[in-house]
1. Working carefully through the options E234, E225, find the one that is touching a Gly at 6+ places or on another chain (Cβ under 9 Å), acidic (D, E) and modelled with pLDDT of 95 or more.
2. Is it true that V97 is in contact (Cβ under 8 Å) with a residue 40 or more places away in the chain and open to solvent by 40 Å² or more (accessible area, probe 1.4 Å)?
3. Within the stretch 48-66, which residues are surrounded by 15 or more Cβ atoms within 10 Å (Cβ to Cβ) and out of contact with any strand residue (DSSP E or B) (no Cβ under 7 Å at 6 or more places or on another chain)?
4. I131 - would you say it is out of contact with any Asp or Glu (no Cβ under 9 Å at 6 or more places or on another chain), surrounded by fewer than 18 Cβ atoms within 10 Å (Cβ to Cβ) and of a type in the set (V, I, T)?
5. Out of T166, T254, which single residue is polar (S, T, N, Q) and either farther than 19 Å from V139 by Cβ or in contact (Cβ under 8 Å) with a residue 40 or more places away in the chain (or both)?
6. In the stretch 243-278, which residue that is open to solvent by 80 Å² or more (accessible area, probe 1.4 Å) and touching a strand residue (DSSP E or B) at 6+ places or on another chain (Cβ under 8 Å) is modelled with the lowest pLDDT?
7. Could we say that E81 is within 27 Å of K48 (Cβ to Cβ), surrounded by fewer than 18 Cβ atoms within 10 Å (Cβ to Cβ) and free of Cβ contacts under 8 Å to residues at least 12 places away in the same chain here?
8. Quick one: is V103 more than 14 Å from I72 (Cβ to Cβ), open to solvent by 40 Å² or more (accessible area, probe 1.4 Å) and at pLDDT below 95?
Amino acid sequence: MKVRRSDRLIDMTRYLLERPRTLVSLSFFAERYESAKSSISEDLTILKRTFQERGTGLLETLPGAAGGARFIPYILKEDAEAYINALCKQVSDSHRVMPGGYVYLSDLLGQPEVLRQIGRLIATQYMNQTIDLVLTVSVKGIPIAQAVAEQLNVPFVIARQDGAITDGATVSVNYVSGSSTAIEKMQIAKRALPAGSRVLIVDDFVKGGGTISGLASLVRELDSEVAGITVFGEGRFNGDRKSETFTSLLHVETLQSESEPIKATPGNYLTRVFGNER
């Protein structure tokens, strides 16, 4: 049954948004809606313009017999800046400071809308790169990894301190925790990270950088490449960080002051992703 253009546009939008970075052929849409390819091309032109104007993402259109459309999520600089500032305001709450200078973030990182926006922010940084999978360590980095993986439409993998029999063969590394200088261990199933993969490492928070350094070591042990490292927040660390270069959405200071026990400011994300773009 032939579908009206208004209904077609709604369904095409839903279909593309649910399958980011996936090439969908003109033939597929033409058969799905019993419409001519020329009509589908016009529809895609409308969606491409609307997505760009609204800052929803980029709709790539590829010509030719094997062509089609691919939706690439991203966020505009002004929207990214506004959202990061809003996160800073939420994190700068004295009730978040815990003994030892730790910061409570589980409530924020449990909200679907917050995770969706974090996923968009991080996916924007890597929109023009090939990412084969997202890697994190249990447990607090898991929701962030899932949100990013959804936007990039790739699997996410979890490294753990204790393995399970269902993991099969594993690879493990020992690493020095940057904040406590303790020797710790993490491991990953060999089949979860194929050799030659380009891996994006994400985590919730970094201080000394031992954990993300350990994750990077795991990637290299499995003959793969670290495509990038992004964390939700970074804190002050007195000493040499053990981590490699990373991007942070927020910089969080727990201050020794009753009037201002915690202060969150934008991390290096905006500079690293948008530079001096106006």
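The values are calculated or read from the model by the stated rules, or taken from the named source; none is laboratory data. Predicted, not measured: the structure shown is a model, and the values here were computed from it. Cβ sites come from the backbone with ideal geometry, for glycine too, and all protein chains shown count toward neighbours. To get the accessible areas, we keep the full protein, side chains included, count just its heavy atoms, and leave off ligands, DNA and RNA. Shrake-Rupley method; radii C 1.70, N 1.55, O 1.52, S 1.80 Å.
1. Result: E225 is the single residue among E234, E225 that is touching a Gly at 6+ places or on another chain (Cβ under 9 Å), acidic (D, E) and modelled with pLDDT of 95 or more.
2. Working: in contact (Cβ under 8 Å) with a residue 40 or more places away in the chain: yes; open to solvent by 40 Å² or more (accessible area, probe 1.4 Å): yes.
Yes, satisfied.
3. If the condition is that a residue be surrounded by 15 or more Cβ atoms within 10 Å (Cβ to Cβ) and out of contact with any strand residue (DSSP E or B) (no Cβ under 7 Å at 6 or more places or on another chain), then T56 is the only one that fits.
4. Details: out of contact with any Asp or Glu (no Cβ under 9 Å at 6 or more places or on another chain): yes; surrounded by fewer than 18 Cβ atoms within 10 Å (Cβ to Cβ): no; of a type in the set (V, I, T): yes.
No, not satisfied.
5. Numbers: T166 fails: either farther than 19 Å from V139 by Cβ or in contact (Cβ under 8 Å) with a residue 40 or more places away in the chain (or both).
The match here is T254.
6. T245
7. Working: within 27 Å of K48 (Cβ to Cβ): yes; surrounded by fewer than 18 Cβ atoms within 10 Å (Cβ to Cβ): yes; free of Cβ contacts under 8 Å to residues at least 12 places away in the same chain: no.
So E81 does not fit the description; no.
8. Working: more than 14 Å from I72 (Cβ to Cβ): yes; open to solvent by 40 Å² or more (accessible area, probe 1.4 Å): no; at pLDDT below 95: yes.
In short, no.
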